[in-house]
């Protein structure tokens, strides 16, 4: 009996030591598990942050790309007008090549007026007058040509001035287009960099999750083992309590039995009118 009791005490002591060891291991495993979970969460947040950044960058890049398209359309429209104007200028200049340079319309008009005044104020023969009239007629023809040439020259200056303005505007648009395209390219490269970072972080996140899962598995195994040991301790405690109660019950029953025997002995002494001892008197008092 004593041997079994000592064995039970030893088993309980061993179980308690195992439980204590498991609790320490469980605490350490939990810290490790939570550490890897925290790392995974940090990486997950970094991925979300970069994904949101990429989304914003793509919106900005698309806006710039659309702006580049619009600027190209505007530049092409200007270049088309410039080319058309240059063709007009070239054609008109070519048409001037066959013309002889003459006097200005003002000088021709002045010459015509002088000749007409001469006809009106000076006496002359019919042949001379006809000669001057012929000259006036020729000058009037020259005047028409000179005025047409001046008009052409004026048109050319307008077209040439417009062309210069168009070229200036086209250059400004080209410069803006280049700057916008460069900015769009920089953003595109930033998107590629962040996308690469996302891929690398996802690999890291997967590795961290594996580590977390391993430590979680270890934690669960230790926790199950601890629960099993705690259950055994509980079962032992219950068994011990049950055994104690049974022992107490047996002892109580033995006490009651002994008391009953003593009580009978006292009753017999009383019946025989024998002298009662102190113990007999105590038993008698308890009986009452």
(message) I need a count of the residues in the stretch 188-236 that are touching a residue at least 24 places away in the same chain (Cβ under 8 Å), farther than 20 Å from residue 37 by Cβ and within 25 Å of the chain's Cα centre (by Cα).
(response) 7
(message) Is it the case, given these coordinates, that residue 255 is without any contact (Cβ under 8 Å) to a residue 60 or more places away in the chain, surrounded by 10 or more Cβ atoms within 10 Å (Cβ to Cβ) and touching a helix residue (DSSP H, G or I) at 6+ places or on another chain (Cβ under 9 Å)?
(response) no
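Could you say which residue among 13, 73, 55, 80 is within 16 Å of the chain's Cα centre (by Cα) and surrounded by fewer than 12 Cβ atoms within 10 Å (Cβ to Cβ)? Before the answer, list the steps.
Details: 13 fails: within 16 Å of the chain's Cα centre (by Cα); 73 fails: within 16 Å of the chain's Cα centre (by Cα); 80 fails: within 16 Å of the chain's Cα centre (by Cα).
Every option except 55 fails the conditions.
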(message) Conditions first: (1) modelled with pLDDT of 80 or more; (2) surrounded by fewer than 12 Cβ atoms within 10 Å (Cβ to Cβ); (3) farther than 20 Å from residue 161 by Cα. Residue 107 passes all but one, so which condition is the exception?
(response) (2)
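The values are calculated or read from the model by the stated rules, or taken from the named source; none is laboratory data. Values in this document were obtained by computation on a predicted structure and should not be read as measured data. Reconstructed Cβ throughout: ideal geometry from the backbone, glycine too, with neighbour counts over all protein chains shown.
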